[in-house]
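The values are calculated or read from the model by the stated rules, or taken from the named source; none is laboratory data. Predicted, not measured: the structure shown is a model, and the values here were computed from it. All Cβ positions, even for glycine, are placed from backbone atoms using ideal geometry, and neighbour counts span all protein chains on display.
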Amino acid sequence: MTPDEAPIHTFPNRLGILGWLGKGRHGVERYLYVLHRITGLALLLFLLLHVFVTSSRLLGREVWERLMALTHQPLFQWAEFLVYLAFAFHALNGVRLILVELGFAAGRAEPPVYPYRGSLQRQRPLMIALMIVAAVLMLTGGFEFFWLDR
Amino acid sequence: VRETKFWTWQVAAAVVILVVLGLHMAIMHLDGTLAMIDPAWADPLAWGNVLARAKSALFTAGYVLLLAATLYHGLYGLRTMICELTPSPRARRWTAIAFWSGGAALFALGSYALIAMHVAAGTPA
């Protein structure tokens, strides 16, 4: 049996989607994980629509300008701003996940002396810094959408 | 091993998206802010600007790369969630087949539109 053919060991996911809401005591990172999934799903839905809308350019200038006039309606503008917020959060939280995945921000090894510091506590300054950057991006976007574009 | 490869591609796609989509979002959505620096950045959705970007080989290649990376990243993410919720090997197999074929169809449509626009924009009227 090659490694590719080896069965994947799975465990019953008793809570299902309810498990995303967090049952028990969790740090803020747990809620960032849930928000990362929700924003990811929203961005994927937007991407599928976006592929069809932008492909309509092939039908010519008139079709494109009619579609763009539709997307300039207030409802679409709000939806577009929500997509922008989702992007800003998902991107910056994604940077955190990649850095953690690659082993950055874990800090130097420490002796296990009370009061213990868990890995999440060590990574928290990185999380706070990246969420501040995300907030700045969101504010810049808000300024753009609701001030400059009007 | 195969799953590890898929995961590595997922992280690699995220890095590509971060750079290319970051630029795309800045150009398309922060145009008012960028226009304060250079008025040429204003109104990226005007037909003339759409054609100018389509004419550029760099923009076209960047969009094709972005399309591939976002489709892979998004569909792999959704597959992960589905696999978490449904441990049945049959459901996993069908999810993989549906996502690979759906993703390939969307990539074909999107990249065809990009390349056809690039060719049309470069053709003298």
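Scan the range A:99-120 and report the pairs whose first residue is over 20 Å from residue A:27 (Cα atoms) and whose second residue is not in a loop (DSSP other than H, G, I, E, B), with Cβ atoms within less than 9 Å and a gap of 6+ or a chain change. That search, which allows pairs on different chains as well, returns A:102/B:11; A:110/A:122. Kindly evaluate residue A:41 against the criterion of being modelled with pLDDT of 90 or more, under 28 Å from residue A:123 (Cα atoms) and either part of a helix (DSSP H, G or I) or not aliphatic (A, V, I, L, M) (or both). Spelling it out, residue A:41 is indeed modelled with pLDDT of 90 or more, under 28 Å from residue A:123 (Cα atoms) and either part of a helix (DSSP H, G or I) or not aliphatic (A, V, I, L, M) (or both).
Applying the condition of being in contact with a Gly (Cβ under 9 Å, 6 or more places away or on another chain) and more than 26 Å from residue A:140 (Cα to Cα) to the range B:26-55 and asking which residue is nearest to the other protein chains (Cβ to nearest Cβ) yields B:54.
Taking the range B:25-125 as the region of interest, the helices (runs of 4 or more DSSP H) fully inside it that hold 2 or more residues being aromatic (Phe, Trp, Tyr) are B:57-85, B:89-122. Scanning for something charged (D, E, K, R) and within 9 Å of chain B (Cβ to nearest Cβ), does the range A:65-78 turn up at least one residue? For the range A:65-78, residues charged (D, E, K, R) and within 9 Å of chain B (Cβ to nearest Cβ): present. Kindly evaluate residue A:58 against the criterion of being assigned to a helix (DSSP H, G or I), within 24 Å of residue B:85 (Cβ to Cβ) and within 14 Å of chain B (Cβ to nearest Cβ). It is false that residue A:58 is assigned to a helix (DSSP H, G or I), within 24 Å of residue B:85 (Cβ to Cβ) and within 14 Å of chain B (Cβ to nearest Cβ). Just one residue in the set A:64, A:78 is among the aromatic types (Phe, Trp, Tyr), surrounded by 14 or more Cβ atoms within 10 Å (Cβ to Cβ) and over 16 Å from the mean Cα position of the chain (by Cα); that residue is A:64.
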